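Visitor: Okay, here's the structure, questions in a sec.
The values are calculated or read from the model by the stated rules, or taken from the named source; none is laboratory data. Only a predicted model underlies this, so the values are computations on that prediction, with no experimental measurement involved. Cβ coordinates were reconstructed from backbone atoms using ideal geometry, including for glycine residues, and neighbour counts include every protein chain displayed. Side chains included, ligands, DNA and RNA excluded: accessible areas come from the protein's heavy atoms. Shrake-Rupley method; radii C 1.70, N 1.55, O 1.52, S 1.80 Å.
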Amino acid sequence: MTMDNARFEPGLPAPVSTDPIETYRDEAAFLWTQRRDALDAPHYSPQQFADLDEQLAAQLDGLVEAGDDAWPPCQAALVNDCAEDFFVAGVLALNGRTDDWLPLVRRAKEAPEAAPGLASALGWVGANEALKAEALMPADDSLSRRLTLEAYGAHRLDAGERWSVSMRSTNAGERARALRLAGELGRVEGLEPVLGLIGDEKSEPRYWALWSGVLLGDRGKALAALTGAALRPGTRQMDAFRLAVLSLPVAEGHRLLVEAESMAGAARLRIIGAGLSGQLRYVPWLIDQMTKPASARIALEAFCLIAGADVNTDGLEAPPPEDHEEGPNEDPEDDDVEVPVDVALPWPHVEQVRAWWLAHQSRLPTLSPDGRLFLGQPLSEVHCLRVLHAGRQRARALAALHLCLLRPGTPLFPVDAPAWRQQRLLQRLGGGD
């Protein structure tokens, strides 16, 4: 699948302005929304991601070079409280307009939907610029402390006592971010306080306590509680289900998929879980699921995740069904404005998939009882590093998780970092051959 036929927001034109500064601003905001959607995209290659970041950097550089003239139009765009506009303004503030950072934080406190833009700005700029923001914000403000943790997390830096303070916060969002940071950093010495919050009364910190507890090596109560969360409806159920399947021994992972069969929405959970399990036993069933429009695309993705087939080079893609309608249309009376979650996934050519499977199944590696395949190869640290170097974005995110699960205490590779920062880190890690 090419980028041209897999847009996240079909028909949305790039912004147009006659003023150069407004053009930089609008293009930067537009590219940031594309980047946000690309972070978990199944089809973005490292090169495509790098190209997108290069385009975004060029627009932001244009604003920085414009100096004081760039601030009024960027400030004017904040009226809509959109995260992308706060990202652009945040980058400018962190690149010299430090007096404007705190007012941005205060505005984001009144408009929570804007805060992710500021968090993203802290991850975009260099570590020195990001950490300067800490001194600009009041220590007694929860959002300020959470943004500080965002800076440390984005740059994979130890927050020290700041982390301990936020772990004890009465604000659930701040506790959640502190708990997530422990897993991102591979902070095994923080496992005990993390496990102390797996029963948190609020769902977000509870989930991130389970997430970090498992990444940091706890295969006891944290994994048991995560498995329970995977079987309970909730906003984090899919996330919990994914990590539980990745973390459980093969036999226990299979039992989880069986237990999920009676749940609402079980078909989607089980298809995704089958792909994550890395078990060839599910392949015939996944091919059957490809015959059903509702599950066809995710079943193809799960199949490729196990077997390592390439949809493009192996000719496994088919046109959408003739009667298929998807997502927003031009009817002003239609309330459906959501972009379907599977829109970037290709449709399977089921007969071609069956033919590929018949031709290749005997060539796939033989596994031990506890082994699993990841993109057609036995799961290993070396293979995960190869995927980080050359895999598609969604697979790279899985490779980063696998590395932490294979070796607890490993910092989570930042697949959301600017492309040039990722490349420097990959050069240090090696394993790209």
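Visitor: At a Cα cut-off below 29 Å, give the lysines reachable from Lys221, other chains included and same-chain residues fewer than 8 away excluded.
Guide: Cα-Cα hits under 29 Å: Lys202.
Visitor: Where Lys and Arg each count +1 and Asp and Glu each count -1, what net charge lies around Thr291 among other residues with Cβ under 14 Å from its Cβ?
Guide: Once positives and negatives cancel, what remains is +1.
Visitor: While we're here: How far is helix 203-215 tilted off the main Cα axis of the chain, in degrees rounded to 10, range 0 to 90?
Guide: Long axis of 203-215 versus the principal axis of the chain: about 60 degrees.
Visitor: Check Phe374: other-chain or 5+ apart residues with amide H under 5 Å from its amide H, H built from backbone geometry?
Guide: Correct list: Leu379.
Visitor: What nm distance separates the two modelled labels at Arg428 and Arg219, each placed 7 Å from Cα along Cα→Cβ?
Guide: With each label placed 7 Å out from Cα toward Cβ, I get 2.9 nm.
Visitor: Rank Leu60, Cys74, Leu243 by how far each Cα sits towards the positive end of the charge dipole of the chain (+1 on Lys, Arg Cβ; -1 on Asp, Glu Cβ) and give me just the farthest.
Guide: Value: Leu243.
Visitor: Taking only protein heavy atoms and a 1.4 Å probe, what accessible area per residue, in Å², does the chain have with all protein chains in place?
Guide: I get 47 Å² per residue for the chain.
Visitor: Relative to the present Cα-Cα distance, how much length would full extension add between Ala76 and Val341 at 0.36 nm per residue of separation?
Guide: Length gained between Ala76 and Val341: 92.2 nm.
Visitor: Another one. Per the 1.4 Å probe, what fraction of the accessible area of the chain, in percent, lies on carbon and sulfur atoms?
Guide: Reported share for carbon and sulfur atoms: 51 percent.
Visitor: Okay, next question. Report, ordered by chain and residue number, the aspartates and glutamates lying within cross-link reach of Lys132, taken as a straight Cα distance under 12 Å and ignoring same-chain residues fewer than 8 apart.
Guide: Those aspartates and glutamates meeting the cut-off are Asp99.
Visitor: Moving on to the next point. Considering the options Trp32, Leu429, Ala119, tell which one lies farthest towards the positive end of the dipole of the chain, charges being +1 on Lys and Arg and -1 on Asp and Glu at the Cβ, about the Cα centre.
Guide: Leu429
Visitor: With label points built 7 Å along Cα→Cβ from the Cα atoms of Ala390 and Ser45, find their separation and express it in nm.
Guide: Result for the modelled spin labels: 1.1 nm.
Visitor: On a 0 to 90° scale, report how tilted helix 115-124 is relative to the longest principal axis of the chain, with both axes built from alpha carbons and the result rounded to the nearest 10.
Guide: With rounding to tens, the tilt is 90 degrees.
Visitor: Another one. Give the calculated FRET efficiency between Lys292 and Asn312 to the nearest 0.05, with a Förster radius of 22 Å applied to their Cβ-Cβ distance.
Guide: That pair, Lys292 with Asn312, gives E of 0.45.
Visitor: Would you mind working out the magnitude of the charge dipole of the range 101-251 relative to its Cα centre, with +1 at each Lys and Arg C-beta and -1 at each Asp and Glu C-beta, to the nearest 20 Debye?
Guide: In total the dipole reaches around 280 debye.
Visitor: Using the crude model of +1 on Lys and Arg Cβ and -1 on Asp and Glu Cβ, and no other charge, please compute the dipole size for the chain relative to its Cα centre, in debye to 20.
Guide: For the chain, the charge dipole is close to 2520 debye.
Visitor: Expressed in nm to one decimal, what extension gain is obtained for the pair Val64 and Glu325 from 0.36 nm per residue of sequence separation less their Cα-Cα distance?
Guide: 89.6 nm
Visitor: Taking the Cα centre as origin and putting +1 on Lys and Arg beta-carbons and -1 on Asp and Glu beta-carbons, what dipole magnitude results for the range 171-240, to the nearest 20 debye?
Guide: My answer is approximately 160 debye.
Visitor: What distance in nm separates the simple spin-label points at Glu259 and Arg168, each placed 7 Å from Cα in the Cβ direction?
Guide: Output for this residue pair reads 3.6 nm.
Visitor: In whole percent, what relative contact order does the range 90-144 give with Cα contacts below 8 Å and a gap of six or more residues? It would help to have the intermediate numbers written out before the result.
Guide: Numbers: 41 pairs, mean separation 22.9, N = 55.
Computed over the range 90-144, the figure is 42 percent.
Visitor: Let me know the whole percent of all Cα-Cα pairs from the chain that are separated by more than 27 Å. All intermediate terms of the calculation are to be shown ahead of the outcome.
Guide: Working: 52830 of 93528 pairs.
Beyond 27 Å sits 56 percent of the P(r) for the chain.
Visitor: Something else: Pull up the cross-link candidates among the aspartates and glutamates for Lys292, meaning alpha carbon to alpha carbon under 16 Å and not fewer than 8 places away within one chain.
Guide: Partners within reach: Glu301, Glu317, Glu322, Asp323, Glu325, Glu326, Asp342, Glu351.
Visitor: To continue, here is another question. Just to confirm the number: angle between the C-alpha axis of helix 142-154 and the first principal axis of the chain, 0 to 90 degrees, nearest 10?
Guide: Approximately 60 degrees, to the nearest ten.
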